[in-house]
Each structure stands twice: as C-alpha cells, then as structure tokens.
Amino acid sequence: MDSRVTPELLFDQGIGDLFVTRTVGAVLDDTLVGSMEFAVSSPYSGPLLVILGHAACGAVTGS
C-alpha cells in the first residue's frame with residue numbers, strides 16, 4: 001500500500017510484467033487470496049509467487 005519502491009523497479013520488469021497486489025498491515029483476506037489464485041491460474045499461469053513484507057510496519061504499530 002505504502003510502497004517506497006515499485007516491484008517492477010526492484011525486479012527490473014516493465015509495467016504489466018508483474019501481477020502485484022498490496023495490503024495494509026499484513027492482513028490476508030479472501031480478496032487477496034483470490035487475487036493470488038487468479039495470478040497463477042490459466043491463462044496467466046505465473047510460475048512464481050513471491051510474498052514480501054517488512055519489519056516494524058507503521059500500519060500495524062501506529063493505530
């Protein structure tokens with residue numbers, strides 16, 4: 001949600017080359033899971049699913 005660096009830049013990919021979803025506070029819900037399932041299903045069939053996170057998330061500790 002509050003990404004300082006876009007995944008496309010981080011992985012040296014163009015716009016539209018990655019299927020990116022974001023969430024606040026590391027919350028995994030049905031919508032996010034559905035998006036990940038969509039990204040790895042046909043016709044996209046993404047060969048790799050990467051889940052990135054970070055420590056000391058302000059969204060979790062700030063409220």
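Spin-label model, S41 to I15: label points 7 Å out along the Cα-to-beta-carbon direction sit 2.8 nm apart.
Rolling a 1.4 angstrom probe over the protein heavy atoms with all chains in place gives the chain an accessible area of 85 Å² per residue. Per atom type, the chain shows carbon and sulfur on 59% of its accessible surface, probed at 1.4 Å. For the chain, adding -39500 (n - 2.57) for each run of n ≥ 4 DSSP H residues and dividing by the number of residues yields -7000 deg cm²/dmol at 222 nm. How tilted is helix 30-40 with respect to the longest principal axis of the chain? Cα atoms for both, answer in degrees (0 to 90, nearest 10). For helix 30-40, the angle is close to 30 degrees.
Round to the nearest 0.05 the FRET efficiency obtained for L32 and T6 when R0 = 22 Å and r is the Cβ-Cβ distance. Approximately 0.75, to the nearest 0.05. Here Cα Rg over 2.2 N^0.38 Å was computed from the coordinates, and among (1) 1.29; (2) 0.98; (3) 1.23 the match is (3).
The values are calculated or read from the model by the stated rules, or taken from the named source; none is laboratory data. Here the structure is a predicted model, which is why all the values come from computation and not from measurement. Counting neighbours? That spans all protein chains shown, and the Cβs are built from the backbone with ideal geometry, glycine included. Quick note on the areas: whole protein, heavy atoms, side chains included, nothing else; ligands and nucleic acids left out. Shrake-Rupley method; radii C 1.70, N 1.55, O 1.52, S 1.80 Å.
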